[in-house]
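Here is the structure we will look at, set down as structure tokens.
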Amino acid sequence: MCQPSGLGEVCALGIELLPEEVLRNYDVEERHHACAILRTDFPAEWKDLVQALTELRLPRTEILAPGGGKSPISKGIDRFFYDRGWAERRFEIMVTVDGEVTLSPTHQVDYFRNRVAIETEWNNKDPFFDRDLTTFRLLFDLNVLSVGVVVTRADELQQIFDKLGKGKSYGPSTTHMSRLVPRMHNRASGGCPVLAVGMKASLYDEAS
């Protein structure tokens with residue numbers, strides 16, 4: 001959106017850079033100009049992300065699949081990104097004091113390519129959001145990450161889960177947008193640009 005100023009017209013572009021179809025089917029939040037950075041500096045990664053969000057659907061049979069391990073929905077997202085050269089990535093970080101290692105934490109992201117990290121949180125406990133945002137902050141501070149993305153659920157999907165008798169499996173303390181957004185506003189990710197998208201009920205496919 002462009003607005004007049006003393007220096008002429010100033011264009012502040014953010015989530016509106018996403019296609020209308022994505023904005024219609026997802027709740028979207030960002031920090032530190034994540035969309036503009038992705039689209040401008042990482043066009044190939046931006047293209048993959050937009051395509052993934054555009055193609056994603058939530059089939060009834062996959063929501064109803066028995067629990068245990070990764071859900072079919074998460075596995076489908078895995079296949080999309082792995083087929084395009086993204087990979088799960090572990091970062092080994094060592095902290096040394098006077099030549100002695102005092103801390104050696106390991107941080108992992110679901111998909112990583114060219115300084116962009118994507119985490120999928122379909123149905124984990126909500127503290128996983130703290131882990132994701134802390135990882136983004138650390139990797140950004142260490143200059144190995146430029147943008148972090150979290151793909152999760154919009155709150156409105158709970159109505160569908162309840163209707164399908166799966167409401168207890170997708171409870172209020174699991175990963176959905178209203179659990180993520182306050183953490184973003186509390187700067188859990190520090191200065192790292194972060195884009196968060198939550199799948200809305202419009203992606204639900206009753207017939208498949």
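The values are calculated or read from the model by the stated rules, or taken from the named source; none is laboratory data. Note that this is a predicted model, so its numbers are computed, not measured. Cβ: placed from backbone, ideal geometry, glycine included. Neighbour counts: every protein chain shown.
Okay, here's what the table says:
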read-out	value
Check on W46, touching a strand residue (DSSP E or B) at 6+ places or on another chain (Cβ under 7 Å), of a type outside the set (D, E, K, R) and under 23 Å from L18 (Cα atoms)	no
Residue list for the range 170-208, restricted to those being over 25 Å from E55 (Cβ atoms) and exposed (fewer than 15 other Cβ atoms within 10 Å of the Cβ)	G171, P172, S173, S178, P182, H185, N186, R187, G191
Scan of the range 40-81 for residues that are among the hydroxyl-bearing types (S, T, Y) and free of Cβ contacts under 8 Å to residues at least 24 places away in the same chain, ordered by number	T40
Residue in the range 139-146 that is in contact (Cβ under 8 Å) with a residue 60 or more places away in the chain and either on the phi < 0 side of the Ramachandran plot or among the β-branched types (V, I, T) (or both) present	yes
Some residue of the range 83-99 being in contact with an Asp or Glu (Cβ under 8 Å, 6 or more places away or on another chain) and in a helix (DSSP H, G or I)	no
The listed residue being out of contact with any helix residue (DSSP H, G or I) (no Cβ under 8 Å at 6 or more places or on another chain), hydroxyl-bearing (S, T, Y) and modelled with pLDDT under 95, out of S5, S71	S5
Members of the range 23-34 found to be closer than 22 Å to H185 by Cβ and either aromatic (F, W, Y) or part of a helix (DSSP H, G or I) (or both), listed by number	L23, Y26, A34
Residue match in the range 42-58 (condition: out of contact with any Ser or Thr (no Cβ under 6 Å at 6 or more places or on another chain), farther than 17 Å from V149 by Cα and crowded, with 18+ Cβ neighbours inside 10 Å)	yes
Members of the range 68-113 found to be at negative phi and among the small types (G, A, S), listed by number	S71, S74, G76, A87, S104
Residues satisfying the stated conditions in the range 111-136, i.e. at pLDDT 95 or above, part of a strand (DSSP E or B) and over 13 Å from the mean Cα position of the chain (by Cα)	R113
Of all residues making up the range 76-89, the number that are under 15 Å from the mean Cα position of the chain (by Cα) and of a type in the set (D, E, K, R)	2
